[in-house]
1. Could you check, for region 91-108, whether at least one of its residues is farther than 17 Å from LEU75 by Cα, open to solvent by less than 50 Å² (accessible area, probe 1.4 Å), modelled with pLDDT of 95 or more and part of a loop (DSSP other than H, G, I, E, B)?
2. Among the listed residues LEU28, LEU22, identify the single one that is touching a Pro at 6+ places or on another chain (Cβ under 7 Å) and at pLDDT below 95.
3. Looking at region 26-34, is at least one residue among the acidic types (Asp, Glu), surrounded by 15 or more Cβ atoms within 10 Å (Cβ to Cβ) and on the phi < 0 side of the Ramachandran plot?
4. Which count do you get for residues in region 59-90 that are over 17 Å from SER110 (Cβ atoms), small (Gly, Ala, Ser) and in a strand (DSSP E or B)?
5. When both residues are 6+ apart or on different chains and their Cβ atoms are under 8 Å apart, which pairs have a first residue that lies in region 47-62 and is without any contact (Cβ under 8 Å) to a residue 12 or more places away in the chain, and a second that is open to solvent by less than 90 Å² (accessible area, probe 1.4 Å)?
6. Mind checking which residues of region 50-70 are open to solvent by 80 Å² or more (accessible area, probe 1.4 Å) and not basic (Lys, Arg)?
7. Hey, can you tell me all the residues within region 109-126 that are among the basic types (Lys, Arg) and either open to solvent by 80 Å² or more (accessible area, probe 1.4 Å) or part of a strand (DSSP E or B) (or both)?
8. How many residues, within region 33-58, are modelled with pLDDT under 95 and either assigned to a helix (DSSP H, G or I) or among the aliphatic types (A, V, I, L, M) (or both)?
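The values are calculated or read from the model by the stated rules, or taken from the named source; none is laboratory data. This structure is a prediction, so every number in the text was calculated from the model and none was measured. When we count neighbours, we look across all protein chains shown, and the Cβ atoms used for this are built from the backbone with ideal geometry, even at glycine. Accessible surface areas use protein heavy atoms only, side chains included; no ligands, DNA or RNA. Shrake-Rupley method; radii C 1.70, N 1.55, O 1.52, S 1.80 Å.
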Amino acid sequence: HTPATKGAQQPGMTGQVKEDLLSRFGELGVFVQKGKICFKPSLLKNSEFLDTPKVFNYIDINSENQQLSIDENELCFTYCQVPIIYCLSDTTAVEVVFTNKTKVVFETLSLDESTSTKMFDRSNEINHIKVSIIK
């Protein structure tokens, strides 16, 4: 895509795709503050949550196909290849489910620095994260 009369050219869609991805993570409310992953999904609409249970297909850290059951009133996406499940609830909390089946619950909508680092490093220690947000 490099014309003889010009330097290297970037295809037009690439910038738009990057902008769309960054905007969507903003809409989903995923932010990093002081080395910690925080969830502030204030721009999400209730219509984005599932009406009926479904199966979420994704590719894990090891490039293997995986599936996760997602219930009604939930939505799911991946961040650093870890599934994040938002669940409409009466309380706020973040539950981290590790690959060894242990769990840690945070009473705030953010992870601690240690757990965030495991996400950033793609350590394969975290199976999924469930974020309970107030309806």
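1. Of the residues in region 91-108, the ones farther than 17 Å from LEU75 by Cα are 98-108.
Going one step further and asking which of them are open to solvent by less than 50 Å² (accessible area, probe 1.4 Å), we end up with 98, 106.
Filter again for modelled with pLDDT of 95 or more, leaving 98, 106.
Next, from what is left, pick out any that are part of a loop (DSSP other than H, G, I, E, B): none.
No, because not a single residue in region 91-108 is farther than 17 Å from LEU75 by Cα, open to solvent by less than 50 Å² (accessible area, probe 1.4 Å), modelled with pLDDT of 95 or more and part of a loop (DSSP other than H, G, I, E, B).
2. On the way: LEU22 fails: touching a Pro at 6+ places or on another chain (Cβ under 7 Å).
Result of the check over LEU28, LEU22: LEU28.
3. The first filter runs over region 26-34 and keeps only residues among the acidic types (Asp, Glu), leaving 27.
When the remaining residues are screened for being surrounded by 15 or more Cβ atoms within 10 Å (Cβ to Cβ), the result is none.
No, the conditions are met nowhere in region 26-34.
4. Total meeting the criteria: 1.
5. ASN57/GLN66
6. Our first condition is that a residue be open to solvent by 80 Å² or more (accessible area, probe 1.4 Å); within region 50-70, this holds for 51, 53-55, 57, 59, 62-65, 67, 69.
Result: ASP51, PRO53, VAL55, ASN57, ILE59, ASN62, SER63, GLU64, ASN65, GLN67, SER69.
7. Step one: of region 109-126, the residues among the basic types (Lys, Arg) are 118, 122.
If the condition is that a residue be among the basic types (Lys, Arg) and either open to solvent by 80 Å² or more (accessible area, probe 1.4 Å) or part of a strand (DSSP E or B) (or both), then ARG122 is the only one that fits.
8. Number satisfying all stated conditions: 5.
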